[in-house]
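Structure, as structure tokens:
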Amino acid sequence: MKRFVLAIAALLGACFCLGTQAADLKPATAGYFDQTGHDDVLAGGVKMIQIDTPKGKFRVWTKRVGNNPKLKVLLLHGGPGATHEYFEAFDSYFPGAGIEYYYYDQLGSAYSDQPKDDDLWTTDRFVEEVEQVRQALHLDRDNFCLLGHSWGGILAMEYALKYQQHLKCLVISNMVDSIPEYNEYAHRVLMPKMDQAKLAEVQKFEAAHKTDDPRYMEILIPMHYEQHLLRMPQAQWPDPVNRAFAHINEHLYQLMQGPSELGASGRLVEWDRSKDLHKITVPTLVIAGTYDTMNPAYMKEMSQRLPKGHYLLCPKGSHMSMYDDQKTYFDGLIAFLKDVEQHD
């Protein structure tokens with residue numbers, strides 16, 4: 001569980017702020033439940049998609065919910081190595097708004113194949129995987145919106161920079177465009193506010209490579225996770241989150257994210273797209289939480305550097321604002337998506 005928590009936490013153009021109330025929305029019509037032309041009905045929307053990689057062919061798991069020819073959202077989970085499960089809160093909101101959406105476990109995640117070759121775990125290869133998934137699901141620029149949360153936000157930005165000709169819109173949820181910026185914010189803002197004796201104890205565990213010691217998480221959960229990851233007592237964390245914790249691919253996560261819970265390292269440590277963000281020209285919503293592990297003011301600046309950028313601040317939210325500021329998150333997200341659907 002420890003590894004997944006930071007995976008979501010770390011990994012897991014004018015700007016205007018979306019209001020906390022979604023526009024008046026018509027309820028989903030019978031067309032939303034029309035299965036005509038879908039080849040996934042027998043499996044309840046599930047489709048295993050074969051992808052080609054430099055290391056062979058593998059299969060990844062996807063699941064469609066609903067039907068909307070004009071708006072289809074593919075959800076990219078955090079990690080790397082997390083699962084789609086913590087997105088299940090979307091079931092409470094997207095169907096009522098008539099939004100078709102797709103759960104998807106990336107290669108290496110629980111419902112998909114989990115090959116052991118470390119050469120597969122690169123950002124570039126994950127981008128090519130998303131493109132193959134897009135093709136298999138028949139998504140295109142007339143309907144395709146990509147939503148990435150945490151590490152999924154990194155993947156979404158990378159995909160848009162290479163393949164935005166296929167996108168209708170983009171959502172970057174709780175992710176900055178620079179890992180060095182993320183680490184700097186942790187050291188400059190978050191760590192000084194912590195109990196310094198407990199912080200020193202945590203850092204001692206990390207230096208000794210003993211992050212599996214129960215005391216490590218005993219300190220971090222109330223000091224960090226319940227403040228900046230999901231702002232409620234851990235005992236009250238929702239079932240989809242707990243199931244996602246249980247299914248983390250720790251090897252993949254550590255390889256790309258690194259072992260520390262107070263900063264990102266691993267293969268992503270130098271990742272930075274801040275100078276390229278302006279090249280993303282599709283309508284893009286950047287979502288931040290006031291108490292996020294990442295700087296909400298920086299995320300607002302990101303939205304201003306995007307030619308068609310929009311910004312949504314969840315004032316009660318942390319890194320998982322879809323849970324601890326749920327109404328603001330979904331009202332703003334749905335308002336953005338419906339506006340794109342109707343006007344773009």
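To keep it simple, each residue is scored yes or no on (1) of a type outside the set (Lys, Arg); (2) modelled with pLDDT under 95; (3) over 18 Å from GLN257 (Cβ atoms); (4) outside any helix (DSSP H, G or I).
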{"site": "LEU146", "(1), (2), (3), (4)": "yes, no, yes, yes"}
{"site": "GLY153", "(1), (2), (3), (4)": "yes, no, no, no"}
{"site": "ALA160", "(1), (2), (3), (4)": "yes, no, yes, no"}
{"site": "GLU181", "(1), (2), (3), (4)": "yes, no, no, no"}
{"site": "PRO192", "(1), (2), (3), (4)": "yes, no, yes, no"}
Checking THR122 against (1) open to solvent by less than 10 Å² (accessible area, probe 1.4 Å); (2) more than 16 Å from ASP276 (Cβ to Cβ); (3) of a type in the set (Val, Ile, Thr), which test does it fail? (1)
Test set (1) modelled with pLDDT of 95 or more; (2) open to solvent by 40 Å² or more (accessible area, probe 1.4 Å) - LYS204 fails condition number: (1)
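Would you call ASP52 of a type in the set (D, E, K, R), over 30 Å from LEU190 (Cβ atoms), at pLDDT 95 or above and surrounded by fewer than 20 Cβ atoms within 10 Å (Cβ to Cβ)?
So ASP52 fits the description; yes.
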Inside region 44-84, can you point out the residues that are more than 17 Å from ASP113 (Cβ to Cβ) and of a type in the set (Gly, Ala, Ser)? GLY44, GLY45, GLY66, GLY78
Among the residues of region 254-270, are any touching a Lys or Arg at 6+ places or on another chain (Cβ under 6 Å), open to solvent by less than 10 Å² (accessible area, probe 1.4 Å) and either within 23 Å of ARG231 (Cβ to Cβ) or not in a helix (DSSP H, G or I) (or both)? no
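Can you tell me which residue is surrounded by the most Cβ atoms within 10 Å (Cβ to Cβ) among those in region 127-153 that are of a type in the set (Val, Ile, Thr) and in contact with a helix residue (DSSP H, G or I) (Cβ under 7 Å, 6 or more places away or on another chain)?
Among those that are of a type in the set (Val, Ile, Thr) and in contact with a helix residue (DSSP H, G or I) (Cβ under 7 Å, 6 or more places away or on another chain), it is VAL130.
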Restricting the search to region 230-253, which residues are in a loop (DSSP other than H, G, I, E, B) and among the hydrophobic types (A, V, I, L, M, F, W, C)? LEU230, MET232, TRP237, ILE248
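The values are calculated or read from the model by the stated rules, or taken from the named source; none is laboratory data. No experiment lies behind these values; they were computed from the predicted model shown. Backbone-built Cβ (ideal geometry, glycine too); neighbour counts: all protein chains shown. Ligands, DNA and RNA are stripped out before the accessible areas are found, and what is left, the full protein with its side chains, is counted by its heavy atoms. Shrake-Rupley method; radii C 1.70, N 1.55, O 1.52, S 1.80 Å.
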